[in-house]
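**Student:** I have a structure I would like to understand better, so I am pasting it below and will then ask my questions one at a time.
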Amino acid sequence: MTNRTLIENGSIITGFNHKIISDKAILIEDGLIKQIAKKSQIKPPFNNIIDATDKIILPGLIDTHTHCYSALALGFTKIKPATHFDTILKELWWKIDKHLTLEDIYISALTTCIHCIRHGCTTIFDHHSSPDATLGSLEHIARAILNSGLRGCLSYEISDRNGEKNSYEGMEENLTFISSCKNNPRSQLKALLGLHASFTLSDETLNETAYRAKEYGTGFHIHAAEAELDQAETMKRYNRRVVERLADHDILGPKTIAAHCVHLNETEMRLLENTDTMVAHCPQSNMNNGVGIADIITLMNKNILVGLGTDAITTNLFEEMRTGLWAQHLKNNPSIGFNEIAKTVFQNNQLIANRIFDDIDIGLIQEGYAADLILIDYNPATPIENNNVMDHLLYGISQMPVDTTIVNGVILMKNKKLQLDLNENEIFAKARELALKLWKRV
């Protein structure tokens, strides 16, 4: 039987620089936006009717770079004071990821997905690492995504830092999951070939991954020039800058996401531009780690597709967006960055997602697109007009709670209550139990 949901009485913002629509309803049918029209023009019957009075209807938000496994690190305090980025990696993240179990991976992904639903994030690009539980790890994350109802593009970050055996297992895990996505197509799941960062990858590993990517027809997800450490170590070992080296090994391209890109020179930016490589900007993480603020203004002026990621420091893209704007104001001046940051969230993330989720259109409220929508409480104190929609998004709507989250036409949260067949209290209790065990192992 056809599943038909009507959303009425809301104000629709269809995407970046689009007009606000206050006199139309949305019909969702079999996972797609079937019709946007006046309610009188949409024929019943309906399985569900959602009253969106005093609510803004937006496309579901997209996170172009995150790490679900880091959910179990929150509150872990027994680490040495970190004054440099390499200390943060060695004393925190490389210890946490090395002690993860497959159960940890599933539960951390599931709790992350629940937080995403509550914050209106409907699609995530996850970049995973678990050296002692590599094989099968991506399927555990995929199970969490499917059980939560979200969309996810998954990759395992291959690295040589844990030895040849683990590097090989990382390759095997990526290729197994890529094959699974190709042989068993699911619109909610996609794959990229994951790499950690240039300074932990040998020439041999990069050559092998480039060969495999061509064989499997996939792109990459890699940290690039996140900190000066990546540039310094890459220059020391290979006499090349990070993006130059990635270009040498055919890692760049239109289906590759280069996360961070804080420390680039003109040559590297030109290589990203010429190869149409995508960039995931993660301002909160970059400032938290003290590595700098990416020059996204110059990147975007060069027509490089820059999206916004969270690097798992939050699941709230609105919070990340606002911080990104303050960061550009600080880096440049208060007149710079507004349109660029707004575009990362409401245009570029959608463009990035559609390069990878190439069998379905997502990220806009438009007939024929996937019904990935969120409803946000908003009864503004000032008028919303076509020329100030983005102002309201950044300064007003972003501060209001998400009321309803819909993915693929399925209502995952309504009236701020999860509609999933999951026991949220049990899941988070289990997460706390596993976190304590993980911390003891670390």
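The values are calculated or read from the model by the stated rules, or taken from the named source; none is laboratory data. Nothing here was measured: the structure is a model prediction, and the numbers come from that model. Neighbour counts are summed over all protein chains in view; Cβ atoms, including those assigned to glycine, are modelled from backbone coordinates with ideal geometry.
**Student:** Checking Asp63 against (1) surrounded by 19 or more Cβ atoms within 10 Å (Cβ to Cβ); (2) over 21 Å from Thr122 (Cα atoms): exactly one of these is not met. Which one?
**Tutor:** Against the list (1) surrounded by 19 or more Cβ atoms within 10 Å (Cβ to Cβ); (2) over 21 Å from Thr122 (Cα atoms), Asp63 comes up short only on (2).
**Student:** Right, something else. Scan segment 429-436 and give yes if some residue there is aliphatic (A, V, I, L, M) and in the same structural domain as Ala25 (by TED's automatic domain parsing), otherwise no.
**Tutor:** no
**Student:** Of the numbered conditions (1) crowded, with 20+ Cβ neighbours inside 10 Å; (2) not in a helix (DSSP H, G or I), Met321 satisfies every one except a single condition; which is it?
**Tutor:** For Met321, the exception is condition (2).
**Student:** Show the residue pairs meeting these rules: Cβ distance below 6 Å; 6+ apart or different chains; first residue within segment 38-55 and under 27 Å from Pro380 (Cα atoms) and touching a residue at least 40 places away in the same chain (Cβ under 8 Å); second residue in a loop (DSSP other than H, G, I, E, B) and of a type in the set (Lys, Arg).
**Tutor:** none
**Student:** Mind checking whether some residue in segment 204-216 is closer than 23 Å to Ile296 by Cα, in contact (Cβ under 8 Å) with a residue 40 or more places away in the chain and either aromatic (Phe, Trp, Tyr) or assigned by TED's automatic domain parsing to the domain that holds Leu154 (or both)?
**Tutor:** No: segment 204-216 contains no residue that is closer than 23 Å to Ile296 by Cα, in contact (Cβ under 8 Å) with a residue 40 or more places away in the chain and either aromatic (Phe, Trp, Tyr) or assigned by TED's automatic domain parsing to the domain that holds Leu154 (or both).
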